[in-house]
Amino acid sequence: MKFAPDAWKYAIVPLLAAPFAFIFSTTLSILALATGIGTLAFFRDPDRTPPLTGVVTPADGTVSVLRQEGDRVRLGVFMNVWHVHVVRAPVDATVSAVEHVPGANRPAFSKESDRNERVRIRLETTDGRFEGETPLDAEITLIAGAFARRIHPYVEPGDELERGDRIGHIAFGSRVDVLFPPSVDREEITVSVGDSMTAGETVVLESNGPTLE
């Protein structure tokens with residue numbers, strides 16, 4: 001099983017404490033062991049296989065936002081603690097910017113989370129569905145939640161990405177948004193609020209772009 005970076009940093013203390021806690025209390029030892037194992041489970045990073053075509057969701061979770069913002073569509077995916085928190089590229093793209101925006105730490109499912117701390121990853125896509133969009137093709141936003149105080153992007157400007165590549169992770173509960181190019185209509189989005197998503201595999205927009213063959 002693969003784990004996201006910092007997994008052992010959080011899990012090692014309760015795992016090492018478990019045998020020593022057994023001297024004082026069986027219950028305390030079990031709790032420490034469960035905390036360590038649960039932390040590793042939270043940071044799990046399974047392999048994913050994107051479908052041959054289509055724009056895929058960048059995050060595991062449930063669709064919590066689907067709205068029109070001016071001439072663009074925003075799709076938001078809320079991640080609970082049991083979801084995989086590794087974020088993936090929705091399309092083949094080049095990273096044009098990575099921006100950290102300070103903010104609050106409100107629950108990621110609330111409307112107030114729009115003002116939360118976040119990291120914006122801006123993409124210039126090479127997928128045929130968006131080719132020719134200017135000046136910005138798509139934007140992925142990793143949003144911290146009430147317990148998610150650390151956002152870890154894996155990418156830098158200039159990085160070349162393939163659909164499904166890992167681009168970052170968020171520690172402990174959060175939301176990930178996709179801001180689509182102006183050419184995408186809300187009616188074209190293939191998922192609805194409340195739908196369950198699998199990062200790198202669930203198609204959210206059909207694409208006529210190149211496949212991974």
Out of all the residues in the range 61-100, which are without any contact (Cβ under 8 Å) to a residue 40 or more places away in the chain and surrounded by 14 or more Cβ atoms within 10 Å (Cβ to Cβ)?
His83
Can you say whether Arg48 is outside the structural domain of Arg175 (by TED's automatic domain parsing), under 18 Å from Arg163 (Cα atoms) and of a type outside the set (S, T, N, Q), as far as the supplied structure shows?
yes
Of everything in the range 36-95, what is among the hydroxyl-bearing types (Ser, Thr, Tyr) and under 13 Å from the mean Cα position of the chain (by Cα)? Give them in sequence order.
Thr57, Thr62
Please determine, by comparing only the residues of the range 116-128 that are modelled with pLDDT of 60 or more and in a loop (DSSP other than H, G, I, E, B), which one is farthest from Arg175 (Cα to Cα).
Thr126
Residue in the range 164-201 that is surrounded by the most Cβ atoms within 10 Å (Cβ to Cβ), counting only those that are farther than 24 Å from Arg150 by Cα and touching an Asp or Glu at 6+ places or on another chain (Cβ under 8 Å)
Pro181
Regarding the range 12-33, can at least one residue be identified that is closer than 25 Å to Val155 by Cβ and either part of a loop (DSSP other than H, G, I, E, B) or in contact (Cβ under 8 Å) with a residue 40 or more places away in the chain (or both)?
no
Strands (runs of 3 or more DSSP E) wholly inside the range 164-207 that include at least 3 residues being in contact with a Pro (Cβ under 8 Å, 6 or more places away or on another chain) and at pLDDT below 90
none
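The values are calculated or read from the model by the stated rules, or taken from the named source; none is laboratory data. Values in this document were obtained by computation on a predicted structure and should not be read as measured data. Using ideal geometry, Cβ is built from the backbone for each residue, glycine included, and neighbour counts are taken over all protein chains shown.
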